[in-house]
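Okay, so here's the structure we're looking at.
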Amino acid sequence: MSKQIIIIGGGPAGIEAAREAVRAGGQVTLISNTPLGGRAGWHSLSPSKVWLTTADALGLFAEADALGLHLETGGQPHLESILARIQAVTTAWNGEQAEELRELGVEVVTGTAVFTQPRELAVKDKAGNVIATLTADAFIVAAGSVPRFPPQMKPDGKRVIAPRFAKHLQAIPRSIVVVGGGATGSEFAYLFNRVGAAVTWIVDDQGVLPSFRPDVGRSLAEALVKQGVKLVAGQMAQRIDRDEEKVSVVLADGSAYEAEMAFLAIGRNPDLAGINLAAAGLDGDGVPALDEYGRTPNPSIYIVGDAAGDPMIANRAMAQARIAARHALGAPTPPYRPETTLAATYTEPQAAQVGDVTPSDNIDTTRLPFTAVLKARLLAHNEGFVELAYEKGSLRVMGATAVGPHAADVLAPVALALEKDATITDLAAIYPAHPTLSELVFMAARAAAR
């Protein structure tokens, strides 16, 4: 008899867990308090990437002269068309995933899941009424995360916004203060600058991209400043004063920066508060201890993705979801290896990192500029670098960083190398299509193998 699996959450991790659990032979019920696609699919990840694609396209107009094209006018963002495209892309993408789950036989229940016993939960409607009581052999919690806002810096959807408001933007502001130096803050500082806003970027003492190696964050910051972003670093925003015409973002040192709007990307917390993990025998305060399969001290409950804490990136969430689903059903699966998860910003230039890039006596590195490959020479903007880290003696690949065009794609082979415990010598033997940016990693390996 097939095992019964309940998945809590309808975002990227929940959907991946559902499809993988079916493939592994499970009977799957997915509970979501949002339409399939979740907050990421409808309100943050997908809408923001539509906006960022528009920003990238505007960048091509700006590069036209350097590529020998003389345009009478540059591209201009048309807000109504962008918002319509967000709606079209998110509806089509989330609809296709919902149809896939239907074809796989996944039962989707709309409501909020709340544990009542270690292997039982209630599903409640928006009014708080119990509409179902369900039991299962295993539960996979993929409930996502919620944004974190200090009391004096809460968004209102008008003058002060956050990522979830990107699909409802009523006008492109002439000026905006972006607060936050992580991936989301970096992306929206880039985006608003590209669509014509005067951007002031407030970054605290942790710097730009604090989860990346410091030189990666510095390189991205320098590139965005060169594009016209005003960077204010080393000070934390304390409050936002606002009126009908403007906002004023006040920093810890008392200085203030005015603009038409403010955008907040300060951080996120796992969304576990309403699930009542305590009734399942787990610590209800924060994220319980998890093993390498995402399993909690209650062996029938797994937690994956943003709900499991940092780093909150979609590919990590989906990788954990696949592993948890297979492990819950007894299917062969290796444990999650965080070093194989590639993190990236979708700016121009992109910043990307994978694996262990922490300097040590046992690690050596090799670095190449993007201009080491012909393809980069064909681009209008080709500044950047790729750095490959490897273990001395064994030459085993340890990780890589990159800043430059399509950096996330450039580092994809390194993620595979890490999964397979490949060496610099293994990478050095590979010659991808020429001329492409994908040559960079393999050229760096050959430089190291000399």
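The values are calculated or read from the model by the stated rules, or taken from the named source; none is laboratory data. Values in this document were obtained by computation on a predicted structure and should not be read as measured data. Note that each Cβ is placed from the backbone with ideal geometry, even for glycine, and that neighbours are counted across all protein chains shown.
Determine whether Ile275 is within 24 Å of Leu191 (Cα to Cα), of a type in the set (Val, Ile, Thr) and touching a strand residue (DSSP E or B) at 6+ places or on another chain (Cβ under 8 Å).
no
Which of (1) within 28 Å of the chain's Cα centre (by Cα); (2) surrounded by 15 or more Cβ atoms within 10 Å (Cβ to Cβ) does Phe115 not meet, given it meets every other one?
With respect to (1) within 28 Å of the chain's Cα centre (by Cα); (2) surrounded by 15 or more Cβ atoms within 10 Å (Cβ to Cβ), Phe115 is out only on (1).
Going by the structure shown, is Lys124 under 29 Å from the mean Cα position of the chain (by Cα), free of Cβ contacts under 8 Å to residues at least 40 places away in the same chain and outside the structural domain of Arg377 (by TED's automatic domain parsing)?
Judged against the criteria, Lys124 is not a match.
Regarding segment 239-246, can at least one residue be identified that is in a loop (DSSP other than H, G, I, E, B), free of Cβ contacts under 8 Å to residues at least 24 places away in the same chain and in contact with a strand residue (DSSP E or B) (Cβ under 9 Å, 6 or more places away or on another chain)?
no
Out of the residues in segment 1-44 that are closer than 29 Å to Ala88 by Cα and among the basic types (Lys, Arg), which is surrounded by the fewest Cβ atoms within 10 Å (Cβ to Cβ)?
My answer is Arg19.
Count, please, the residues in segment 128-163 that happen to be at pLDDT 95 or above, over 30 Å from Pro311 (Cα atoms) and in a loop (DSSP other than H, G, I, E, B).
So the count comes out to 1.
Report yes if some residue within segment 389-400 is crowded, with 19+ Cβ neighbours inside 10 Å, in contact with a Pro (Cβ under 8 Å, 6 or more places away or on another chain) and under 24 Å from Ala183 (Cα atoms); otherwise report no.
No, the conditions are met nowhere in segment 389-400.
Pull out all pairs, ordered by first then second residue, where Cβ-Cβ is under 7 Å, the residues are six or more apart or on different chains, the first lies in segment 145-169 and is touching a residue at least 24 places away in the same chain (Cβ under 8 Å), and the second is assigned to a helix (DSSP H, G or I) and β-branched (Val, Ile, Thr).
Pro163/Thr184; Lys167/Ile86
Please go through (1) surrounded by fewer than 19 Cβ atoms within 10 Å (Cβ to Cβ); (2) in a loop (DSSP other than H, G, I, E, B); (3) not basic (Lys, Arg) for Phe212 and return the number of the only condition it doesn't satisfy.
Evaluating Phe212 over (1) surrounded by fewer than 19 Cβ atoms within 10 Å (Cβ to Cβ); (2) in a loop (DSSP other than H, G, I, E, B); (3) not basic (Lys, Arg) leaves (1) as the failure.
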